[in-house]
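See structure below.
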Amino acid sequence: MAKAMAGQLHRRTEELARHGVEPRLAILRVGDHGSDLAYERAAAKRCAALGIGVETVALPGDAATEAVLEAIDRINADERIHGCLPLRPLPETIDDSLVRHRLSAHKDVDGIGPASLARLFTGSGEGFSPCTAQACLELLDYYGVAMRGKHAVIIGRSLVVSRPLALLLVERDATVTICHTKTVDLPALCRTADILVSAAGKAGLVGASCLRPGQIVVDVGVNVSGEGKLRGDVCFEQAEPIVEAITPVPGGVGSVTTLVLCKHVIQAAEDSCGAGRD
Ligand code: NAP
């Protein structure tokens, strides 16, 4: 899927190049947290391969909110930059809400601002869907998984991943149940799912007791084991023989997420030169 998606995106950057436009992403990083640097590297590599320019705006970990807002203002005003990815969570000293509200909706390629949120709720307007939630949907679409009338169970209720995904799935006519740490009898609820998405950040949370044949399982969780290996929330060895399909970790939702980010930057560049959305 990643190969097919990358091919399509590459054709779109080539078309933009013919119009003299290079799609360009600004990555805004505050501090040098390891997970931020890893995501920055992955996104920059993916962008470079697709003909998307990247520049990192790096501020020290003790930067004041005002300095971050000034950086956002410069990015908003820079016509060469089509999208901005602020790496989050920001340090606790920074007012995240002010940052989200300051970023131009046209450049909000990870869907964090109020206009993007409104777009999620209404299905129209400016902004973009959050990349990880959109990646789950793109995976289901690519593999021909019907969503209409299906019961989707999402483990997690975060504003970053789970709630946006719930709205996107409802938009596609799924019936959605959101679970969290206070949910009673999680395994029984999970077994009722046609589409089960886990975004809890708990390695091995979803085992055989949560699963039944025929299910589609999307594992959003990224957990680092004691040996430094990446693991999802789902116990893959237990799930794979039971369910119809499952996304692996690594190499599943995470890979598609960076491609969705690229897609949004390209869309923003197309919008800026009047080429319109696909
Ligand atoms: P988060 O803000 O920590 O939210 C986790 C959610 O899972 C919370 O709503 C929590 O419930 C729920 N939860 C945790 N343990 C549970 C349990 N035992 N039973 C039921 N619910 C449980 O995390 P997030 O930012 O949404 O991220 C979730 C996971 O996705 C993480 O592993 C993260 O690394 C990964 N992630 C992956 C990508 C990607 O591109 N692949 C992108 C972003 C995040 P409460 O609300 O009750 O606490």
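Leaving out ligands and nucleic acids, note down the accessible area per residue over the stretch 221-278 with a 1.4 angstrom probe, in whole Å².
47 Å²
Can you work out D for the stretch 88-127 in µm² s⁻¹ from Stokes-Einstein, where Rh is the Kirkwood radius over C-alpha pairs, the temperature is 4 °C and the viscosity is 1.567 mPa s?
Working: Rh = 10.5 Å.
Answer from the Stokes-Einstein relation: 124 µm²/s.
May I ask for the Rg/Rh ratio of the stretch 57-164, computed from Cα atoms with Rh as the Kirkwood radius, given to two decimals? Could the numbers behind the result be given before it?
Numbers: Rg = 15.9 Å, Rh = 15.4 Å.
Reported Rg/Rh (Cα atoms, Kirkwood Rh): 1.03.
What is the Cα centroid distance between the stretch 88-109 and the stretch 212-250, reported in whole angstrom?
31 Å
Just to be sure I understand: with springs between alpha-carbon atoms less than 10 Å apart, which residue in Glu22, Glu227, Glu171 has the highest mean-square fluctuation in the Gaussian network model of the chain?
Glu227
Taking only the alpha carbons of the stretch 1-100, what extent do you get along each of the three principal axes, in Å, biggest first?
42, 28, 19
Enumerate the whole-percent occupancy of each 5 Å bin, from 0 to the last occupied one, for all C-alpha pair distances of the chain.
Taking every Cα pair in the chain, the percentages come to 1, 6, 12, 16, 18, 17, 13, 10, 5, 2, 0, 0.
Quick one: order Lys229, Lys150, Lys263 from most to least accessible surface, probe 1.4 Å. Mind showing how you got there, number by number?
Working: Lys229 135, Lys150 75, Lys263 35 Å².
Order by accessible area, largest first: Lys229, Lys150, Lys263.
Rounded to the nearest 5, what % of the DSSP beta bridges within the chain are antiparallel ones?
Counting only bridges with both partners in the chain, antiparallel ones make up about 5 percent.
Quick one: with all protein chains in place, what share of the accessible area of the stretch 196-278 is carbon or sulfur, to the nearest percent (1.4 Å probe)?
Exposed carbon and sulfur together represent 53 percent of the surface.
Tell me which lysines have Cα within less than 18 Å of Lys229's Cα, excluding those fewer than 8 residues away on the same chain?
Lys202
For the stretch 231-243, in order, what is each residue's ³J(HN,Hα) by Karplus, 6.51 cos²θ - 1.76 cosθ + 1.60 with θ = phi - 60°, in whole Hz (x at glycine and Pro)?
Using θ = phi - 60°, the values come out as 9, x, 7, 8, 6, 4, 5, 6, 6, 3, x, 8, 8 Hz.
Running a GNM on the chain with Cα contacts under 10 Å, which residue among Ala63, Ala268, Ala115 ends up with the highest mean-square fluctuation?
Ala63
Indicate, rounded to the nearest 5 percent, the antiparallel portion of the DSSP beta bridges found entirely in the stretch 147-257.
Looking only at bridges with both residues in the stretch 147-257, the antiparallel portion is about 10 percent.
Indicate the gyration tensor shape class of the stretch 119-176 (rounded, prolate or oblate), computed on the Cα atoms with a ≥ b ≥ c the square roots of the eigenvalues: a/c under 1.5 is rounded; otherwise a/b larger than b/c is prolate and the rest oblate.
Because its axes are fairly even, with a/c under 1.5, the stretch 119-176 counts as rounded.
Spin-label point model (7 Å from Cα, Cβ direction): what's the Ala48 to Leu98 distance in nm?
In this crude label model, Ala48 to Leu98 measures out at 3.5 nm.
Applying a 10 Å radius around every beta-carbon, put 73-82, 152-161 in order of their mean neighbour count, most first.
The peptides rank, most packed first, as 152-161, 73-82.
Could you list which residues have their amide H under 5 Å from that of Val176, counting only those 5 or more apart in sequence or on another chain, with H placed in the peptide plane?
Ala152
Please compute the per residue accessible area over the stretch 44-162 with all protein chains in place, 1.4 Å probe, rounded to a whole number of Å².
Dividing the accessible area of the stretch 44-162 by its residue count gives 47 Å².
How large a share of the accessible area of the stretch 1-134, in percent, is made up of carbon and sulfur atoms when the probe is 1.4 Å and the other protein chains stay in place?
Solvent-exposed carbon and sulfur of the stretch 1-134 make up 53 percent of the total.
Need the C-alpha centroid separation for the stretch 160-179 versus the stretch 49-80, integer Å.
So the separation of the two Cα centres works out to 31 Å.
The values are calculated or read from the model by the stated rules, or taken from the named source; none is laboratory data. All of these numbers come straight from a predicted model, not from anything done at the bench. Note that we place each Cβ from the backbone using ideal geometry, even for glycine, and neighbour counts take in every protein chain shown. Ligands, DNA and RNA are excluded from the accessible area calculation, which covers all protein heavy atoms including side chains. Shrake-Rupley method; radii C 1.70, N 1.55, O 1.52, S 1.80 Å.
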